[in-house]
Structures are given as C-alpha cells and as structure tokens.
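One structure below.
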Amino acid sequence: MKGRSLISIDDLRTAEVRDLVLSADSLSNDITPPDRLTTLTGCFIVLMFYEPSTRTRVSFEVAGERLGADVVNIAGDASSVVKGESIADNAMTLSALSFDLAVIRHSETGAPKEFARYFERPVLNAGDGVGEHPSQALTDALTAYRYFDIFAKKRPLSIVIVGDLAHSRVAHSNAKMWTMLGHGVTLVGPKSLMEKNPKSLVRGKGHVKTADELDEHLKGADVVMALRIQRERHGRKVVPSTGEYAKKYGLNARRLKMIPETALIMHPGPVNRGIEVQEEVYDDPRCKINEQVENGVFMRMALLAWALGRKLEV
Ligand code: CP
C-alpha cells in the first residue's frame, strides 16, 4: 500500500508526532482561509462517519478541500451498512470506487482497523468507540505547542485529564501521545469512570497515574483537559448525578483560581456546559477550546498530506 494509515497513536514515531505538529503549526502561520493549496489536487477522499460528529468531520472536509482534494461525505445512516453491508464489504466497495484515502468514525472499537484491512489505501481513524481518536490528540498537541515547547526536554509537562476516562478515546490517544513525548499524565475521575488499565497507555519515558480528587492536581498542571460525560456509552447509571459530578470534577470559578496562570484549559468537545465546564471558564484567557477547533483543520491538513506521502508546500 502506498501512503500511511493512522489508526492509533502507536502508528507514529515520536519524530513523526513532532513533524506533524511543526507542519500544522507552519500551515496555521502561513495560510489564511480561504487560501487553497494544490498539494492534493487530483486526490479523492471519502469521509465515512457512522457516528455523529461536527468538529472532526467538518475539519477533515475543510482540510481536504484546502489542499485541493475532492472530498465525498457519506453519513453512516446513508450508507449500505444500514442495509446489512459489513465493514469489510463497505471498505472493498469504496476501494473499488478508487478513493485515495478514507477517514472513518465508528461506534465500534476496532472498526477503522477492520476497514483498513480491506480498503488497501490509507485510512485515518476519526474516532472508534472507546478506542482512539489520534487526530484529536495531535490537534491538542498543536494547541499546546502554540504556547510552549512540548518537545523541549527541560522538564516533563503535567497533563491533567479529568472526566469519563473509561469511555474516552480522546484520553487514550492523548495519554499515549503525551507519555511518548516524555510527559506525565494524571487521569482524574470517579472510580466508576476510571480507566481500567492506565499502565497500558504509557509509551516512551512518560508516566500515567490516576486520582479521584481533582483539586490537588491543578496547582502543578500545564494542561487541564476536561472530557465529556459519554452517557451514550454507559450501559447503566454510573454517574450519581450531574450536579454532584460538576461539583467534584467540573471546571468552575473556584478551580480557575487553582490553575496556574500559564496553564491551558482544553476540552475536545462537544461540551456539556454546566457539567464539565461552567460558563465562566469560557471567558478565561487560558481556555483554548475554540482554538482546538481552529487547530483541528491545520492538523488534519498535515495528516492528509502525511498519509498520502505528499510534501506540504505553502
Ligand atoms: N472532538 C470531537 O471528536 O468532536 P466531534 O464529535 O464533534 O467530531
């Protein structure tokens, strides 16, 4: 197969994470929407979203078009999968239609890997079940890089990720990526939502630890990332009440005072306002939630070029 797939952060070497962040960063400095490049002129990209998405789907679409590709969108409920076509058959069909690359989101963990076996060209995982969401983690790395050098070896950064860790593909990809870069990740949440095997997320020289109290970890944080409570993935009631959750784990005015002035506050979205993040947090200059969305386009431009083996020339 020509080109590269990205199913998991494990598909990248540390140097490639760096190259992708630097490429996306220079794109964000050098091009002004609606500038278009010709990097992917003549390429056909298919976006297969079998699960809802705003940020990821639209940013991949905008990224492809800004690079000059033709982008075809197929919503999961409009695909032949609803008539019983398997992921494998769906992949072979799209391969026969001569797409150069597929971006896929699916509610089943492992579905993009299965799709990639039959598609025979590059596949980018746009989020699979409780598996991974590598392009979101890379977007978060770009967002942080715009404020401090995440690749400097001076001191390990402290990344605090709070919320529904058991069901978060964003947390999985972020923990793997930050530890690959040598940083420390603290996963904070109630026991019922805690990652069951935190050690399995450690890559490189970083470390992952877990905690059920948030406040004591805020003082030394470089990044505080809140996650969405993913009720659609809870088989039974695992959070006692949203009020209780917001009090123990939500980012609010009281916690803003505990977070260092130089730290960044992130959330991959979509946000349950008033639960994970209170309104006042949005007005704080440390809050980078909208910048994460903007950066998503630049990171996905860099990723599409990387996957198709094209050199980005601005
Ligand atoms: N962060 C993220 O995956 O958001 P969407 O579900 O809107 O794509």
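The values are calculated or read from the model by the stated rules, or taken from the named source; none is laboratory data. Everything numeric here is computed off the predicted structure, so don't read it as measured data. Ideal geometry is used to build each Cβ from the backbone, glycine not excepted, and the neighbour counts take in all protein chains shown.
For this structure, a couple of remarks:
- For Leu187, the conditions (1) buried (at least 24 other Cβ atoms within 10 Å of the Cβ); (2) under 26 Å from Ile74 (Cβ atoms) are fulfilled apart from (2).
- Among the residues examined, Ala75 qualifies as surrounded by fewer than 16 Cβ atoms within 10 Å (Cβ to Cβ) and within 16 Å of the ligand (Cβ to nearest atom).
- Counting only helices (runs of 4 or more DSSP H) that fall entirely inside region 240-314 and contain at least 3 residues that are within 16 Å of the ligand (Cβ to nearest atom), the qualifying elements are 289-307.
- Candidates Arg203, Arg121, filtered to the one that is touching an Asp or Glu at 6+ places or on another chain (Cβ under 7 Å), in a loop (DSSP other than H, G, I, E, B) and over 23 Å from Tyr249 (Cβ atoms): Arg121
- In region 47-68, the residues that are more than 16 Å from the ligand (Cβ to nearest atom), outside any helix (DSSP H, G or I) and either among the hydroxyl-bearing types (Ser, Thr, Tyr) or surrounded by 21 or more Cβ atoms within 10 Å (Cβ to Cβ) (or both): Leu67
- Some residue of region 87-105 being within 16 Å of the ligand (Cβ to nearest atom), over 19 Å from Ala307 (Cα atoms), in contact (Cβ under 8 Å) with a residue 24 or more places away in the chain and surrounded by fewer than 22 Cβ atoms within 10 Å (Cβ to Cβ): no
- One residue stands out among those in region 119-141 that are on the phi > 0 side of the Ramachandran plot and more than 11 Å from the ligand (Cβ to nearest atom): the one that is surrounded by the fewest Cβ atoms within 10 Å (Cβ to Cβ), which is Glu120.
- Whichever residue in region 113-153 is over 23 Å from Gly206 (Cβ atoms) and among the hydrophobic types (A, V, I, L, M, F, W, C) and, among such residues, is farthest from the chain's Cα centre (by Cα): Phe119
- Cross-chain or 6+ apart pairs with Cβ under 6 Å, region 32-60 first and at negative phi and at pLDDT 95 or above, then in a loop (DSSP other than H, G, I, E, B) and within 16 Å of the ligand (Cβ to nearest atom): Arg55/Gly269
- Residue list for region 106-118, restricted to those being loosely packed, with under 15 Cβ neighbours inside 10 Å and either in contact with a Pro (Cβ under 6 Å, 6 or more places away or on another chain) or assigned to a helix (DSSP H, G or I) (or both): Arg117
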